[in-house]
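Encoded as structure tokens, the structure appears first; notes follow it.
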Amino acid sequence: MTTTMSIPMSSPDLTDAEIAAVTQVLHTPILSIGPQIKAFEQALAARVGVAQAVGVNSGTSGLHLCVIAAGVSDGDLVLTPSFSFIASANCILYERGVPVFVDVEPTTGNIDPNLVAEAAADLARGGASARRWLPPALREHAQSKGRLKALLPVHAFGQPADMDPILAVARDHGLAVIEDACEAIGSTYKGRAAGAIGDAAVFAFYPNKQMTTGEGGMIVTNRADWADLFRSLRNQGRDVFDAWLNHTRLGYNYRLDELSAALGLVQVQRLDALLAKRAQVARWYNERLADLELLERPFIAPHTTAMSWFVYVVRIKAPASRDQVMRQLAEAGVPSRPYFTPIHLQPFYQSRFGYRRGDLPVTEHLGDVSLALPFSGVMSEEQVDYVCAQLRRCL
Ligand SMILES: *Cc1c(COP(=O)(O)O)cnc(C)c1O
């Protein structure tokens, strides 16, 4: 009766096609800046329906380059959620900008567009109403008018943020929109592809994402000027038309190698199948967890016209405790994670910006009750059965 199963938190979905593609690159002398990255970029741009795709060595690198393109520098403000993975705020700090955290919708966990509108209006107005949006440690010394430069919504767990009202705020205030689509490849918002909505967007390909390149990421944009800038910045600041040793600006080595690109090309060709398998696993979870009163299943908004499942995150309701459920699951061999842990409460953000519990109530509540269950496209129905049986025991 006490059979235990070993279930990983996540697994990549790889076939012989990926192994063959990577091996083929190893039979050539071109391991970077070759045909694979070009083919991968073209395939991904076509898939998302954008003019330009620029491969980089991580999602974080891609977000950093978008923040540069948006013109963010010393003290500039960017509106973004704290209910996210830390990279979506760190990328603003890399350019000495200030992430201004806006609370999220209790339903989706995505940035609340009404609060985005309110914050943008207040920051434009200046004075005390502007100051209350700033990180606590900056409120005293900040100029009364923040230089708001960009909006950086995150499509949390694969579900697109409510982009139409966010675009309206951007238009009204002349702001750039960067989509953190690192968790959302294949999602659509009112029929539009996540990643094709803002000025630029970033996808990420770490092994737990819907598709992987090992490490890697891709910036997509319809703006030719931004794409040229990204290609320069990822390659040590060489201008696209420059001679090899002519460095026009401060750049980075954010290049994606040919092995990773070859892997990504096969994965993007398989993307529909990869997403369908993940959707099936999410359905299995949804069916089995429907009647648990102390558990809330993921909420999918009406504007999400296609959901790309990155993680399967449930909420544990009082009087049950998320942390206790997590411990009991671990004892039964089932890994699970608190997801997300709010960025503003991370030690570094607390000490640098003076954030405290109570600053972003909805984000903090979601951070307290959210639990990511084991999830991947290679999970079997038996594994989902086992996880759900253990959850049922805990609750
Ligand atoms: C994965 C992820 C990133 C960054 O991806 P890396 O490739 O690990 O750098 C950024 N934002 C979000 C929301 C993510 O989930």
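For region 16-269, the fraction of 1.4 Å probe accessible surface lying on carbon and sulfur atoms is 54 percent. Sort out for me the Cα centre separation of region 269-322 from region 253-268, rounded to whole Å. Rounded to whole Å, the Cα centres lie 29 Å apart. Solvent-accessible surface (1.4 Å probe) assigned to His247 amounts to roughly 90 Å². For the residues Arg231, Arg192, Arg322, a 1.4 Å probe over the protein chains yields an accessible-area ranking, largest first, of Arg192, Arg231, Arg322. Toward the positive end of the charge dipole of the chain, with +1 on the Cβ of Lys and Arg and -1 on the Cβ of Asp and Glu, the farthest Cα among Ala227, Ala89, Ala193 is that of Ala89. Averaged over its residues, the chain has an accessible area of 41 Å² per residue, based on protein heavy atoms and a 1.4 Å probe. Residue order by solvent-accessible surface for Met379, Met326, Met5 is Met5, Met326, Met379, largest first, with ligands and nucleic acids left out and a 1.4 Å probe. For region 16-269, the Cβ-based charge dipole about the Cα centre amounts to some 440 debye (Lys, Arg positive; Asp, Glu negative; other atoms uncharged).
For a label point 7 angstrom out from the Cα of Lys317 toward its Cβ, which stretches of region 268-299 have the backbone nitrogen within less than 20 Å? Under cut-off, by backbone N: 285-299. Sequence-distant contacts, meaning Cα pairs under 8 Å at least 6 residues apart, place the relative contact order of region 1-136 at 14 percent.
Proximity of backbone amide H atoms, modeled 1.01 Å from N, is registered between Lys317 and Leu295, Glu296 at under 5 Å, excluding neighbours fewer than 5 places apart on the same chain. Once you order the gyration tensor axes a ≥ b ≥ c over the Cα atoms, which shape class does the chain get: rounded for a/c under 1.5, otherwise prolate or oblate by comparing a/b with b/c? Here the chain falls in the oblate category.
Roughly how many whole Å is it from the C-alpha centroid of region 135-209 to that of region 48-67? For region 135-209 versus region 48-67, the Cα centre distance is 14 Å.
Working from label points 7 Å from Cα in the Cα-to-Cβ sense, the Asn222 to Thr15 distance is 3.3 nm.
Can you bin region 75-149 into rounded, prolate or oblate? Criterion: square roots of the alpha carbon gyration tensor eigenvalues sorted a ≥ b ≥ c, rounded for a/c under 1.5, prolate for a/b above b/c, oblate for the rest. Oblate is the answer for region 75-149, as a/c is 1.5 or above yet b/c matches or exceeds a/b.
Estimated at 0.36 nm per residue, the fully extended path between Asn286 and Lys38 surpasses their Cα-Cα distance by 85.4 nm. Under 10 Å, Cα contacts only: if you run a Gaussian network model on the chain, which one of Ala330, Ala89, Ala279 comes out with the highest mean-square fluctuation? Looking only at Ala330, Ala89, Ala279, the largest GNM fluctuation is found for Ala330. The 3J(HN,Hα) values that the Karplus relation (6.51, -1.76, 1.60; θ = phi - 60°) gives for region 360-374 are, in residue order, 9, x, 5, 4, 5, 4, 4, x, 7, 10, 7, 9, 8, 8, x Hz. Gly and Pro appear as x.
Given axes a ≥ b ≥ c from the Cα gyration tensor, I'd like to know whether region 272-394 is rounded (a/c under 1.5), prolate (a/b larger than b/c) or oblate. Verdict is prolate for region 272-394. Taking Gln346, Gln52, Gln267 as the candidate residues, the one with maximal mean-square fluctuation in a Gaussian network model of the chain, Cα springs under 10 Å, is Gln346. When you restrict to C-alpha pairs under 8 Å that are six or more residues apart and normalise by the size of region 272-394, the relative contact order lands at 35 percent. At full extension, Leu250 and Glu296 could sit 11.8 nm farther apart than now, given 0.36 nm per residue minus the alpha carbon distance. Measuring only protein heavy atoms, the 1.4 Å probe finds Val334 accessible over about 0 Å². Once the Cβ-Cβ distance of Gln350 and His27 is raised to the sixth power relative to R0 = 41 Å, the FRET efficiency obtained is 0.20. Using C-alpha pairs below 8 Å separated by at least 6 residues, the relative contact order for region 330-395 is 39 percent.
Residues Phe353, Phe348 ordered from highest to lowest accessible area at a 1.4 Å probe: Phe348, Phe353. Taking 0.36 nm per residue of sequence separation and removing the Cα-Cα distance, the Arg327/Arg393 pair yields an extension gain of 22.5 nm. Return the FRET efficiency for the residue pair Ala121, Thr305: r is the Cβ-Cβ distance, R0 is 22 Å, and the value is rounded to the nearest 0.05. For Ala121 and Thr305, the calculated efficiency is 0.15.
The values are calculated or read from the model by the stated rules, or taken from the named source; none is laboratory data. As the structure is a computational prediction, the values presented were derived from the model and not from experiment. For neighbour counting, all protein chains shown are included, and Cβ atoms are generated from backbone atoms with ideal geometry for every residue, glycine included. Just so you know, the surface numbers come from the protein's heavy atoms only, side chains and all, with ligands and any DNA or RNA stripped out. Shrake-Rupley method; radii C 1.70, N 1.55, O 1.52, S 1.80 Å.
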